[in-house]
1. Somewhere in region B:212-229, is a residue among the hydrophobic types (A, V, I, L, M, F, W, C), part of a strand (DSSP E or B) and not assigned by TED's automatic domain parsing to the domain that holds B:SER162?
2. In this structure, does B:ASP85 turn out to be over 17 Å from B:LEU376 (Cβ atoms), among the charged types (D, E, K, R) and facing chain A (nearest Cβ under 9 Å)?
3. Does A:ALA79 qualify as being over 24 Å from C:VAL141 (Cα atoms), in contact with a helix residue (DSSP H, G or I) (Cβ under 6 Å, 6 or more places away or on another chain), away from every other protein chain (no Cβ under 14 Å) and aliphatic (A, V, I, L, M)?
4. Only one residue in A:PHE91, A:PHE82 is under 19 Å from the mean Cα position of the chain (by Cα), aromatic (Phe, Trp, Tyr) and surrounded by fewer than 23 Cβ atoms within 10 Å (Cβ to Cβ), so which one is that?
5. For C:VAL283, indicate whether it is buried (at least 17 other Cβ atoms within 10 Å of the Cβ), closer than 22 Å to C:ARG346 by Cβ and touching a strand residue (DSSP E or B) at 6+ places or on another chain (Cβ under 9 Å).
6. For region C:334-345: of the residues being in contact with a strand residue (DSSP E or B) (Cβ under 7 Å, 6 or more places away or on another chain) and not β-branched (Val, Ile, Thr), which is surrounded by the most Cβ atoms within 10 Å (Cβ to Cβ)?
7. Tell me, which residue of region A:360-376 that is among the basic types (Lys, Arg) and touching a helix residue (DSSP H, G or I) at 6+ places or on another chain (Cβ under 7 Å) is farthest from the other protein chains (Cβ to nearest Cβ)?
8. Cβ contacts < 6 Å: first residue in contact (Cβ under 8 Å) with a residue 24 or more places away in the chain, restricted to region A:169-198; second residue basic (Lys, Arg), any location; separation 6+ or different chain. Result?
Amino acid sequence: MASSVFSTHGTTRFPEGRNIFGDSNKSNLFHYKKNHSPATLTHSSLLSKNRIQCRAIEVQTNHTFLKGDKFQLEDVIEAQQFDRDTLSAIFKVAREMETIEKNSHGSQLLNGYLMATLFYEPSTRTRLSFESAMKRLGGEVLTTENAREFSSAAKGETLEDSIRTVEGYSDIIVMRHFESGAARRAAMTANIPVINAGDGPGQHPTQALLDMYTIEREIGKLDGIKVGLVGDLANGRTVRSLAYLLAKYDNVKVYFVSPQVVKMKEDIKEYLTMKGVKWEESVDLKEVASECDVVYQTRIQKERFGERSDLYEEARGKYIIDGEVLGVMQEHAIVMHPLPRLDEIRVEVDGDPRAAYFRQAKNGLYIRMALLKLLLIGW
Amino acid sequence: MASSVFSTHGTTRFPEGRNIFGDSNKSNLFHYKKNHSPATLTHSSLLSKNRIQCRAIEVQTNHTFLKGDKFQLEDVIEAQQFDRDTLSAIFKVAREMETIEKNSHGSQLLNGYLMATLFYEPSTRTRLSFESAMKRLGGEVLTTENAREFSSAAKGETLEDSIRTVEGYSDIIVMRHFESGAARRAAMTANIPVINAGDGPGQHPTQALLDMYTIEREIGKLDGIKVGLVGDLANGRTVRSLAYLLAKYDNVKVYFVSPQVVKMKEDIKEYLTMKGVKWEESVDLKEVASECDVVYQTRIQKERFGERSDLYEEARGKYIIDGEVLGVMQEHAIVMHPLPRLDEIRVEVDGDPRAAYFRQAKNGLYIRMALLKLLLIGW
Amino acid sequence: MASSVFSTHGTTRFPEGRNIFGDSNKSNLFHYKKNHSPATLTHSSLLSKNRIQCRAIEVQTNHTFLKGDKFQLEDVIEAQQFDRDTLSAIFKVAREMETIEKNSHGSQLLNGYLMATLFYEPSTRTRLSFESAMKRLGGEVLTTENAREFSSAAKGETLEDSIRTVEGYSDIIVMRHFESGAARRAAMTANIPVINAGDGPGQHPTQALLDMYTIEREIGKLDGIKVGLVGDLANGRTVRSLAYLLAKYDNVKVYFVSPQVVKMKEDIKEYLTMKGVKWEESVDLKEVASECDVVYQTRIQKERFGERSDLYEEARGKYIIDGEVLGVMQEHAIVMHPLPRLDEIRVEVDGDPRAAYFRQAKNGLYIRMALLKLLLIGW
């Protein structure tokens, strides 16, 4: 099953027969793909008889986060890949990255490594964040925001063929795609690590990680926190991923505050209940704000409303973070937002120390630096 | 007042309270923003109560151009920021940059620094020039020609929010924008240096600097020169900026040679008169060419004429630099052009040593190298 | 004659008079343009009286492939520039590049060199391959996929002017253009090396080189081989260039297998006959496949059929490489394809060791690394 392929217990794939990509000797890049003892194999599946012979093998390993150990993951595809211990260890690396970025020029940690940003739809913000992360560590970047050209209707190349070409030019692929599941397909094909930088309505795992990192960094803990999720809870992949990750911690309480038309869907509520996370829906933003450690605001996306711009306008104006809401928040609490924002957080809030959203954006840099380091050279 | 913020007397802004961007410790990057003695403060203004607490402070300093001294400017926004002494000192640095570029590979002067080119409208020529400048000095670049996406109607993010995000990923921002005044807004927001690479009909200060540098480099002086400005004088921001800078020098004489419909506007004429610069309008290009040290030709821009293509064709053919015009020019004189050109300078002129326009384009590289060096590490 | 300018016997151009680009002292970059003894001059032509004074001079040299010797070519414009000895020597360098790429990070061979990719039409695959090649050797890249903007109707700049600007910012230009002959025009203008990355229906010489390199690498020889060219032989510049290069080797036999509407044109057939290369046309793909060392499949391009989509569908389905065709191929034989492919090679073939097309794509990296090295620093 595909889900086991991306488990946090470690995964590897052994290409068999003649190496069709000509790079099996690149041991310095891929040593972490090779150090599995055959004795630890628990599962294998032959992906295809006639195509590339590739086994997806799940390996049971204990968590090891010692310097020099290989990273538990080959690819970063979805938020659910990460367990508490791994998250905690990643966050420690992200903290080290803060120090590197602030106190020195030109870390050469990833010197000689080449990252390809393969963006099938433009996302300048995310792309710049990844490229900055790579360059801050001394790595180099191949950029394309034109990746659709690879698979244009006129030419009709499959994603798999494109990945096989690009992996010949780079050491790691950061991919943004318009189709849910595309990142997983890329990872199944590639012999180098793939990071999902958003695949349509699917996942955007580095956003979820930077959100969790921001909460821990600002509040000082992840157990026992109260989080208010505000705005478009139906369509925002951000808040859905966040809910999945919050469920890994103890004594978390989640509040949903959203216009009726974009309420949190049942699947997430059921998941939280199953995991023992307390949650409630509320229509009173101020009351929630006064209770919470984190108020996580999101943008109401106009495009979801089609021609009903009246409904959009109504939904959009309903829950705004302004000076008044800020006034009832606790001293240690923070306001978060995945950005970009329109006016769902008023500009007047920006100057308050509790406005954490630009620090949150910056944390994206540290999380991405950490993941690039871990995927390319390990702990 | 905004204008004092960008004066050549030195300016700084101190973010107060909790550092909302998390990078105040980046002392190696920003030390030049900090070395002001409080005793020299002459003016302060609180930009906003509720937003980022930021004081715009003008500091009276004497000119210091000694190695290691900080640069007088935080940002490069408009040509008027520069006085004679500063221009002269910058040109000296530009000459050093010529030597670096010609005689050695891989200067590492800006190793570890990251420049973001944030282009809200494409300008391949200007972008490549800045990126080459950064890379010739060992720095790295984050590129976007897609910056409009940041502020698309659909998403509606403000320029200020975009800048706050990008400054988290880079050490200096080079911005091209379609709106006059955008560069200044960016500079007011950013805690890292901003260079204006053209903001709509507003300013394009690095072009003005490279023009002045070219004149000094080719003619050997800036005082006492005679300059003929030819072509579209009404709409060209280039010739307007040049006029402002020429007015800083002694005994300059300016000739305006343009079709009636695109004559130099009154404001510049009045400014020159006020500054004691002699100027005259002429319809005789050859006579002017025979008098001048510099003949500065510009392109007649079709888009300014709307549906009156007859007027365009008439204007366009009126003043052409060809072999005949060249024939009357003095031996030491030069022809300049900001490029791209159509046929307002005939190809037959290119081979003449007095055709300086490609050397002028190359000087843009040296000026930009100099400014990047000065803004990032000082004199 | 233009064709002699790009001969493999070595070519140089001496700019005369005052150096209009200001970079004649860049001896470390361009020393290979200068070491010709005047005694070896055999031909010269003055390109233009009034423009840049430039002599295109053909120099008769013996082949020298010793380390440190200059490369025979100033520019890479078309496949016909290369003779057997030069090809063989380039392939040796490409093999060294494989070792560099696989066994070490960060070769610094081209450290301090700057390559501009000037793409007048997008070709992400080719661009990434060149950029990866440059970065794997420690060089830096200026990218544009927007190069049409340089010469947009609105602005109307000539290709020559654009080249004169870009050569001021970089050490080598890789150009893709939509017009046949554009690469040659660029090379005639530039004082730095130009590589043709495809100019419309014209040439794509680095593709031809990587094809030949792949055959030698996989089959072990180029003399005495049997090659089946399959698919669109009328429009594919790839197979036409390949035919030219194959004709340089002894005892080569070529088979043409194509739908009637896209048959190989007479000029190539006549050329092969003239060069003593045996060729035949066949309608039996399986029989050809069983004979050949190389089956070179190509994509039928829909856009060539206009509104006759019925003819397209017929042509497209006619000659497919599938498991059955593979079944009759010899053990040592290979399947090649310039990519992208649609379904003219079935996915079921990918896993077979004889499917060489992704290795072929990767070889493009090594060939481009070799050419960049040779053009910039010589043998």
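1. Taking every residue of region B:212-229 in turn, at least one turns out to be among the hydrophobic types (A, V, I, L, M, F, W, C), part of a strand (DSSP E or B) and not assigned by TED's automatic domain parsing to the domain that holds B:SER162.
2. no
3. yes
4. Unique residue meeting the criteria: A:PHE91.
5. no
6. My answer is C:MET336.
7. Top of the filtered list is A:LYS373.
8. Correct list of pairs: A:ALA197/A:ARG176; A:GLY198/A:ARG176.
The values are calculated or read from the model by the stated rules, or taken from the named source; none is laboratory data. Values in this document were obtained by computation on a predicted structure and should not be read as measured data. Every residue, glycine as well, gets a Cβ built from its backbone with ideal geometry; the counts of neighbours run over all protein chains shown.
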